[in-house]
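Report on one structure; see the data block that follows.
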Amino acid sequence: MWFKNIRAYRLTSPFTLTPEQLAEQLAQRAFTPCAKSQALALGWVPPLGPTSEAYTHAANGRIMLCLRRQEKVLPAAVVNEAVDEHIGAIEAAEHRKVSRKERDKVKDEVIFTLMPRAFARSSLHYAYIDAGAGLVDDEGARRGSCE
């Protein structure tokens, strides 16, 4: 089964959507992978895997859904090395020390230029809604392959 460490939340108002209505709403926020300069992407995926097209799975009065989170990973060592190279080039060319504010600006520029080449890491977050009991149960993140 999918759930290992489950957390339950009580709904504060009755859940009135049918699985089909909920699936339509989730499809409007379907997952799209990170763009080249985007650090994080969130979206809904079918809970039964990529071979399924339904954004919800209903059984025994409960509705299962799945959120996919994808984030770009830039190791700090890589960023710091590139920043140090840029700072060294500026200091050598202009014969001056680089201020902290300017260093932060260089770091932002380095992150922006490295982001298209960064690795993307994905995780799936499963949940199910038990409208009869008024609960939402969340499994948290499952690391690893999303396909």
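The values are calculated or read from the model by the stated rules, or taken from the named source; none is laboratory data. No experiment lies behind these values; they were computed from the predicted model shown. Positions of Cβ are generated from backbone atoms using ideal geometry, with glycine treated the same way; all protein chains shown enter the neighbour counts.
Go through the stretch 1-44 and give me each residue that's surrounded by 14 or more Cβ atoms within 10 Å (Cβ to Cβ), over 17 Å from residue 137 (Cα atoms) and more than 19 Å from the chain's Cα centre (by Cα).
Of everything in the stretch 1-44, just one residue is surrounded by 14 or more Cβ atoms within 10 Å (Cβ to Cβ), over 17 Å from residue 137 (Cα atoms) and more than 19 Å from the chain's Cα centre (by Cα), namely 23.
If you take the residues in the stretch 52-68 that are charged (D, E, K, R) and over 15 Å from residue 135 (Cα atoms), which one is surrounded by the fewest Cβ atoms within 10 Å (Cβ to Cβ)?
53
Looking at the structure I just gave you, is residue 14 of a type outside the set (S, T, N, Q), modelled with pLDDT under 95 and either part of a strand (DSSP E or B) or touching a His at 6+ places or on another chain (Cβ under 9 Å) (or both)? Steps first, answer last, please.
Working: of a type outside the set (S, T, N, Q): yes; modelled with pLDDT under 95: yes; either part of a strand (DSSP E or B) or touching a His at 6+ places or on another chain (Cβ under 9 Å) (or both): no.
When the stated conditions are applied, residue 14 does not pass them.
Return yes or no: is residue 58 within 24 Å of residue 112 (Cβ to Cβ) and at pLDDT 90 or above? Step through it out loud before you land on a result.
On the way: within 24 Å of residue 112 (Cβ to Cβ): no; at pLDDT 90 or above: yes.
The answer is no for residue 58.
Check 41, 76, 58, 54 and return the single one that is closer than 22 Å to residue 8 by Cβ and either in the same structural domain as residue 105 (by TED's automatic domain parsing) or of a type in the set (A, V, I, L, M) (or both).
58
Which is of a type outside the set (A, V, I, L, M, F, W, C), under 25 Å from residue 28 (Cα atoms) and out of contact with any strand residue (DSSP E or B) (no Cβ under 7 Å at 6 or more places or on another chain), of 75, 50?
None of the others qualify; the one that does is 50.
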